[in-house]
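Quick notes on the structure that follows.
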Amino acid sequence: MIALAFLVALQVGQWTTIPPLNVPRQEVGVAAVERRVYVIGGIGTDQRGIGTDQQGSRVVEIFDTQAGRWRLGPSFPIPIHHPNVAAVGSKIYVAGGYSDPGFTPVAKVFELDTDTELWTRKADLRRARAAGAAVEYAGRMYVFGGDTGDRSVTDTSVYDSSADQWTELRPCRPRVPVMPSAPIDKA
């Protein structure tokens with residue numbers, strides 16, 4: 001019954017409460033595939049309650065929207081927080097993020113096959129980055145901006161999973177806004 005109420009709330013655009021994560025964390029990566037929500041890494045404790053606010057987590061939790069409950073998923077291969085995460089089809093990609101010690105950006109990329117729940121290493125990003133934004137568009141993963149450890153970046157990396165290859169788009173250049181003008185009636 002809880003799952004039905006949750007799904008109805010999703011369909012009508014209302015906020016609702018779901019059970020809390022089993023392992024408290026922040027600065028996580030999130031992606032949804034079918035009727036499951038995946039929460040990956042973050043800063044906080046592991047499933048044994050071990051960790052600090054400076055350590056990445058390997059915890060993956062999966063929320064089943066039909067059952068209305070969380071379960072532990074396959075551990076992430078490395079401790080990670082502030083990851084760039086997106087789902088492409090039934091696969092979830094984690095591209096970069098910060099790993100231990102502390103806030104060390106990484107270029108490592110991993111794919112989670114949500115059917116087998118196995119992680120596979122993929123082609124690295126061309127440079128380490130964390131805390132960007134990621135999204136799927138037209139079957140590709142786009143990673144925008146982020147931090148390289150010593151500076152923020154404006155470029156975009158695009159991942160083609162069928163070729164296991166990254167390409168870089170040109171950085172966005174800010175434009176000077178043009179203010180509309182109109183004559184002032186002095187009457």
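Nothing in this text is a laboratory measurement; each read-out follows from the coordinates by a stated rule. All of these numbers come straight from a predicted model, not from anything done at the bench. Counting neighbours? That spans all protein chains shown, and the Cβs are built from the backbone with ideal geometry, glycine included.
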Checklist entry - In this structure, is Val60 in contact with a Phe, Trp or Tyr (Cβ under 6 Å, 6 or more places away or on another chain) and among the hydrophobic types (A, V, I, L, M, F, W, C)? => result yes
Checklist entry - Between residues in segment 25-43 that are in contact (Cβ under 8 Å) with a residue 24 or more places away in the chain and surrounded by 21 or more Cβ atoms within 10 Å (Cβ to Cβ) and residues that are acidic (Asp, Glu) and not in a strand (DSSP E or B), which pairs lie under 6 Å by C-beta distance while being six or more apart or on different chains? => result Gly42/Glu27; Ile43/Glu27; Ile43/Asp53
Next on the checklist: If I filter segment 149-163 for residues that are surrounded by fewer than 16 Cβ atoms within 10 Å (Cβ to Cβ), outside any strand (DSSP E or B) and under 17 Å from the mean Cα position of the chain (by Cα), do I get at least one hit?
Outcome noted: no
Checklist entry - If you take just the strands (runs of 3 or more DSSP E) that sit entirely in segment 23-127, which of them hold at least 3 residues that are of a type outside the set (Phe, Trp, Tyr) and out of contact with any helix residue (DSSP H, G or I) (no Cβ under 9 Å at 6 or more places or on another chain)? => result 29-33, 36-40, 60-64, 84-88, 91-99, 104-113, 118-122
